[in-house]
Amino acid sequence: MSGEPPVILAPPETQAVQIGSRIPYYFTALAMALPAIMLGLQLSGWIGFWPMIRDGHADFRNLYTAGYMVRAGFGHELYDYARQKGFQDALISREEIAIPFIRPAYQALLFAPFSFLTFREAYCAFLAFNLATLGLCFRLLRPYMANLSQVWPGLPGGMLLFLPIAAALMQGQDSIILLTLMAGAFASMQQGREYRAGILIALGLFKFQFVIPIALLFMASRRWRFLAGFGVSALVLAGVSLWISGARQAAGYFSSVLHIGASQTLSSGLSLPVDHMANLHGAVVGIFANSPVVMPLTVLASAAMMVFAATRRPSTSEMLLIAIPVSALVSYYMFIHDMSVLLIPLALTLDRAVCETRDRHQRAKVVAAVLLFAAPACMSFIPAGLFWIVSLPLLAFAFLIGIDSPRLTGTPSPSAP
């Protein structure tokens, strides 16, 4: 119910334009070279990572254990670190430090069926699930990448070689689920179904650090249908989580969350260096180290980015393309696999920019998008403590797609229900 109706893109067969003769040679070269390079890095990564999977060191161990605890009737101890460690040692492998489950309790229901299998079997089953989910994501986004297919037919599929997606697959992370929920929300918005989009985004509250900033930006834009769906879905999920874990354990969940990003080590002893995060928090810590100005600067920079995005007035679906990179920048914490959600604005921005390669601003967006697509590969070549540098192309990309939208100059009139 914004002042402007949603923009409905044309179907795939009519959306693309004849652009073959207008595509710069460097665009075609990059379109073919970058996916090939990413594929090579990922193949070597899988070879090197397999022993960690075999020995039970993948991040999936905390999700698998949470699923088992809920299935076996231990949901009331879900956030008890000692119990988590005991179950991880017994079910997977003995470790000095356990990987704590820091998700709303409702998400553990998803992993309960996997807990009927051994850890290795469950890892392979969840890998298959993630690949199927990624296939659904591709199907949802494919209609909006028709121009990329004219650059090179394999390019839309090549976008899935975005390195954070591979990291999520290797670690058995749930970031691809969030990516697919957001792709579904974008497709719903394109069809004018904002209520359903709000429901889908709220289902991603297991990654609250992205979803809450997105909801706040939609609130600032007065997208009431979206917010109604979001609110209903969030209330249901909160009720399910309380039913599973109880109020006392829910308080333990929030206590655990506060330790993430607030320090470089959790109370469990697990190290989560903030300078490994490609967001504003990581950048400020990377530049100023342990200076007392870190927290004030992080809050100030995050607030400025949110205000910048909130003053834009795009259509509802375009708002999501702005909100995703902004939410990544201001996120409470973010690691490489969490960057998977950036595939949506990256792919769609590149698809649209193909048609406008002579426009200077569009060329700048292409450069920022290509840099952001390639930047996560830095993890293979630079010290991990410098990974915060990846936040710089992300910041440039978010700013460039934001200034494409007109500024909010007045109060939007509500649309008809």
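Each reported figure results from applying straightforward, stated rules to the coordinates on display, with no laboratory input. All values reported here derive from a predicted model rather than from experimental measurement. No Cβ is skipped: glycine too gets one built from the backbone with ideal geometry, and neighbour counts run over all protein chains shown.
Annotation for ALA228 and VAL293: the two label points, set 7 Å from Cα along the Cα-Cβ direction, are 4.8 nm apart. Label-to-label distance, LEU109 versus SER255, with points set 7 angstrom from Cα along the beta-carbon direction: 2.6 nm. Computed over the chain with a Gaussian network model linking Cα atoms closer than 10 Å, the most mobile of SER245, SER317, SER380 is SER380. Residues whose amide H falls under 5 Å from that of ARG312, counting only those 5 or more places apart or on a different chain, are LEU408, with hydrogens built in the peptide plane. Note on VAL240 and ALA377: with the Förster distance fixed at 45 Å, the Cβ-Cβ geometry gives a FRET efficiency of about 0.70.
Sorting 286-293, 67-74 by their mean Cβ neighbour count within 10 Å, with the most densely packed peptide first, gives 67-74, 286-293.
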